[in-house]
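The values are calculated or read from the model by the stated rules, or taken from the named source; none is laboratory data. Predicted model only: the values in this text are computed from it and were never measured. Glycine gets a Cβ as well: all are built from the backbone with ideal geometry, and neighbour counts include every protein chain shown.
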Amino acid sequence: MEVIFILIGVSLVLASSFLFLFFRAMKKGQFDDTYTPSVRILFDSHKNKKTVKPKPSPKTK
Amino acid sequence: MNMKEVKQKDRTLCFHCGEQCLDESLRYDEKDFCCPGCMLVYEVLNENGLSSYYEYGEKPGIKNDNNNKSANRFDYLEEPEVIQKLIDFQNEKETHISFDIPAIHCASCVWLLENLHRLNSNIFESRVDYVKKEVHIKFVHNALSLKELVRLLAKIGYEPSIQLDALEEKPKRRIDRKLIYKLAVAGFCFGNMMFFSLPEYFSEVSLLEENFRGLFVQLNLALSLPVIFYSATDYYRSAWYSLSSGRVNMDVPIVMGIISLFVYSLYEVIELGESGYFDSIGGLLFFLLIGKYFQQKTYDRLAFDRDYKSYFPLAVTRLGNKGEEVVSLPKIKVGDTLKIRHGELIPADSLLLEGEARIDYSFVTGEEVPVFVKKGSLIYAGGRQQAGALLLNVQKAPSQGYLTDLWNQDSFQLGKPKELESLANAISGKFTLVVLMVAFGALAFWIQTDVSVAVKTFTSVLIVACPCALAMSTPFTLGNTLRVFGNRKFYLKNSHVVEQLAKADTYIFDKTGTLTDPAAATVNYIGFCLDEENKSVIKGMVQHSMHALSSRINVWLGEIKPAYVEGIGELPGKGIEAIYNGKIVRIGSAKWLGIGNIRTKDFGNRIYISFDGEVKGYFHIQSGLRKGVERSMDQLKDMGQVHLLSGDQDHDRENLQKVFGAAVEMNFNQSPKEKLQYIKSLNDRGNKTVMVGDGLNDAGALQESRVGIAVTSQSTHFSPASDAIMDADVIGQLPQFIALAKESRNVIKASFVLSFLYNIVGISLAVQGLLSPVICAILMPLSSISVVVFTTVMINYLAMRKGSKNNYSWK
């Protein structure tokens, strides 16, 4: 029966890490716009050679 | 509509914007274009390998009519002051900015705007928020100025709308994420506490070893702390505010319940070694917060609090000593000379110095037909110039004009009165009193026999009576009603408006643009044949009149060259008089022309024409009432008083009276301020007013009324500040909406009865000291969930029944 102590610990850690992940996603704004990504995913990746690779921004919003 | 489209198929359609090519089409790259603007956009996209723009949407292009707008209209974007206020973030290298782009309408728009970096390599990221019609752009500001960026966007047809209110102190758009965090924490804790309480529910505690039980209780206690000290904080604050202002709102009994539940559970755990009711606290707050979240339905794309600043331009061209300069609007002073170009808005009441003025006042009155203004006459702020460039002399500062003067009225400074109590808050005062009386009654009864039982029953009553079901019925009912309305294109600012709408007994309507659709009016000429010469004479006369009927005739005449007439005079209530080739020409009412009162059976106006006293014929003008207006007026008359407030002259009075009946009180010639005063006097008489209007001239009345409903043909387009925004197509359904709002009040009352029943059962168990954790664990969620289900089902059922009864297609 002692295994329950471990299981309780594991379940609590697991659940709180999900809570943490949810908070982080919320803070990053992943739930702010739930429509545009569904459009964006359908765009073909461009084959044009003139394409400039987007430079990574040092500070994201 | 379909017929039309089929017919158009064999005509040439523009490859870019999909509109029909009117004159000869331009050919480029084996494709047809309707105008050089569209062709230019195609060229730009094609050169940069962005032609897959045309693959993602059916008609992606926006007709590019920017040709005749001035090149320097973005000059104000060079002022560092303006830039600072517009941008979101800036460091030594890059700038981040967000623009509102109303033109975003399909997947192609998203694609193109997210590929801006291919048009200009100094833009390195752009993200579109389709629902809010926003684009967030990051660019290198040393190589690309803000002005150039905006110009690039305008060039490809996506001109951002930069409004005056953005320049004032901009409250950073913050989404209320706190509530979601609190809800997440409450849900997390509640879920885990349920697990640890499961043995308690089924009295299996004895099967567990004692140390497990102790651990479970401690874990529950630990998990309840975030709920008590984080998730519930809004309730403490609200209860405290309400108590300190001497009232009792719904949150007071809730806080009472939470505190007594928590304190009693602590006492049980520490003193008696029992398990307490921590899971109930968790469940209670979880459900309450869901209700709160549910109530917060918002329409991101709609703005309910716009004032004139949202519509006026950000900057205008001023003619100064140094020539033309672009200045921001607040700097305009009386006496300045302004240059207004085609399509620009008149920012201040001014005199026309030079140019051909055709002013479209649809922002102000809802009337779409442009009005001609003579040199030296006053042009009111809010009109839009529809012809060439104008020179104006400013007579009043932008904030002091005919229209904007409204915003200096008291009702805009004070906002809506807050003392209007919601139903739930009105009940909760009495409820709290009854619960306290029962609790003290039980205490007094038991204290004679057993002190510990007395304390226990006292707290149990407080715990069980916690009005969570009561508190949930309101948000869920109103939240559901809000959603039902939203699906029917009737958007409310918040759930409080539903309750106000339910109490309404006086309905006030604006006429033009609200009850009538100016574009739907029909004109017929009946009488002796009108030759070209006569037509041009009439055109010469009516084009200078601001009268709505003159505008109709003017449109009907089309592009005829107006003849030169002398001595034009407009006689209010009669008509227009002028001299042409020595003959007196009159256009106006039958009575004025001396043929007596002519009664017509149909709904419409007759405008007679006479040359030298001889009547030639008349124009029959049928005002276009919106669909369903007549019937809805009839239904509203049964529900309360109906008033009509119109800024127009009363040429429509008889016809409207005939259609709507004598019970409708009509007022014409109302200025925006008079409209506001009219509503105010109704309010002072104790009427619960609902104002339905559209233009900026109704803004005061909309603000002053209990519920102001703005009618608009495009919900994202234009609407003055209001409590609700309604699509013009559904104005005929207004009685159904109000009836549903009234029904929702009954649903709230019914669910109150339901939750009172639960409370009676719970309290009767509690006063006898029979309350066990199992009953508590079952009763609490059960009462909450059943109230949620009851309200949701009832509102949807009522909406459906109302819909089917009136043969509307309520989806």
Worksheet, complete the sentence: How many residues of the stretch B:89-99 are exposed (fewer than 15 other Cβ atoms within 10 Å of the Cβ) and either more than 9 Å from chain A (Cβ to nearest Cβ) or among the acidic types (Asp, Glu) (or both)? The answer is 2
Discussion item. For the stretch B:512-554, which positions are at pLDDT 80 or above and basic (Lys, Arg)?
Written reply: B:Lys535, B:Lys539
Worksheet entry | Residue in the stretch B:265-321 that is modelled with the highest pLDDT, counting only those that are outside any helix (DSSP H, G or I), among the charged types (D, E, K, R) and over 30 Å from B:Met780 (Cα atoms) | B:Arg318
Practice prompt. Could you tell me whether the stretch B:188-202 includes any residue that is more than 14 Å from chain A (Cβ to nearest Cβ) and out of contact with any Pro (no Cβ under 9 Å at 6 or more places or on another chain)?
Written response: yes
Discussion item. Condition check: of a type in the set (Phe, Trp, Tyr) and closer than 30 Å to B:Glu200 by Cα. Does B:Tyr678 satisfy that?
Written reply: no
Worksheet item: Got a sec? Which of A:Leu14, A:Leu19 is closer than 27 Å to B:Arg213 by Cβ and either at pLDDT below 75 or out of contact with any helix residue (DSSP H, G or I) (no Cβ under 6 Å at 6 or more places or on another chain) (or both)?
Response: A:Leu14
Worksheet, complete the sentence: Given (1) closer than 25 Å to B:Ser786 by Cα; (2) modelled with pLDDT of 80 or more; (3) among the aliphatic types (A, V, I, L, M), B:Met250 misses just (2)
Item to complete: List the number of the failed condition for B:Gly513; all other conditions in (1) touching a strand residue (DSSP E or B) at 6+ places or on another chain (Cβ under 6 Å); (2) of a type in the set (Gly, Ala, Ser); (3) surrounded by 17 or more Cβ atoms within 10 Å (Cβ to Cβ) hold.
Response: (1)
Item to complete: Just need a number here: residues in the stretch B:207-246 that are under 12 Å from B:Leu285 (Cβ atoms), of a type in the set (Gly, Ala, Ser) and assigned to a helix (DSSP H, G or I).
Response: 2
Worksheet item: (1) part of a helix (DSSP H, G or I); (2) crowded, with 16+ Cβ neighbours inside 10 Å; (3) among the hydroxyl-bearing types (Ser, Thr, Tyr): which one isn't true of B:Ser764, the others all being true?
Response: (2)
Worksheet item: Among the residues of the stretch B:667-707, how many are in a strand (DSSP E or B) and touching a residue at least 40 places away in the same chain (Cβ under 8 Å)?
Response: 6
Response to the item:
Here, helices (runs of 4 or more DSSP H) confined to the stretch B:1-100 with at least 2 residues that are at pLDDT below 75 and farther than 29 Å from B:Phe124 by Cβ are B:2-8
Discussion item. Contact list please: Cβ distance under 7 Å, first residue in the stretch B:281-293 and under 12 Å from B:Thr474 (Cα atoms), second residue of a type outside the set (A, V, I, L, M, F, W, C), pairs at least six apart or on different chains.
Written reply: B:Gly291/B:Pro475; B:Lys292/B:Pro475
Fill in: Qualifying positions in the stretch B:682-718 - hydrophobic (A, V, I, L, M, F, W, C), at pLDDT below 80 and either within 23 Å of B:Arg488 (Cβ to Cβ) or in contact with a Ser or Thr (Cβ under 6 Å, 6 or more places away or on another chain) (or both)
B:Phe718
Worksheet item: Restricting the first residue to the stretch B:266-277 and requiring it to be over 11 Å from B:Asn220 (Cβ atoms), which pairs with a second residue that is of a type in the set (S, T, N, Q) and at pLDDT 80 or above meet a Cβ separation below 9 Å and a spacing of at least six or different chains?
Response: B:Glu274/B:Ser265
Discussion item. Taking the criterion of being closer than 29 Å to B:Val642 by Cα, aliphatic (A, V, I, L, M) and outside any helix (DSSP H, G or I), would at least one residue in the stretch B:494-503 satisfy it?
Written reply: no
Worksheet entry | Scope the stretch B:111-132; condition at the interface with chain A (Cβ under 8 Å from one of its Cβ atoms), in contact (Cβ under 8 Å) with a residue 40 or more places away in the chain and assigned to a helix (DSSP H, G or I); matching residues | B:Trp111, B:Arg118
Discussion item. Of all residues being surrounded by fewer than 18 Cβ atoms within 10 Å (Cβ to Cβ) and in contact (Cβ under 8 Å) with a residue 24 or more places away in the chain in the stretch B:220-236, which is farthest from the chain's Cα centre (by Cα)? Just the residue, please.
Written reply: B:Pro226
Worksheet item: Just one of the numbered conditions (1) among the charged types (D, E, K, R); (2) assigned by TED's automatic domain parsing to the domain that holds B:Gln703; (3) free of Cβ contacts under 8 Å to residues at least 12 places away in the same chain is not true of B:Glu614; which one?
Response: (2)
Fill in: Residues within the stretch A:28-45 that are facing another protein chain (nearest Cβ under 8 Å) and part of a helix (DSSP H, G or I), tallied
3
Item to complete: Test A:Ala15 against the stated conditions and say whether it is assigned to a helix (DSSP H, G or I) and at the interface with another protein chain (Cβ under 7 Å from one of its Cβ atoms).
Response: yes
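For the stretch B:133-156, check the following and say yes or no: at least one residue is among the hydrophobic types (A, V, I, L, M, F, W, C), farther than 18 Å from B:Asp88 by Cβ, facing chain A (nearest Cβ under 7 Å) and surrounded by fewer than 19 Cβ atoms within 10 Å (Cβ to Cβ).
Looking for residues that are among the hydrophobic types (A, V, I, L, M, F, W, C), farther than 18 Å from B:Asp88 by Cβ, facing chain A (nearest Cβ under 7 Å) and surrounded by fewer than 19 Cβ atoms within 10 Å (Cβ to Cβ), one finds none in the stretch B:133-156, hence no.
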Discussion item. For the condition among the aliphatic types (A, V, I, L, M) and modelled with pLDDT of 75 or more, what is the one hit in B:Leu420, B:Leu390, B:Leu414, B:Leu403?
Written reply: B:Leu390
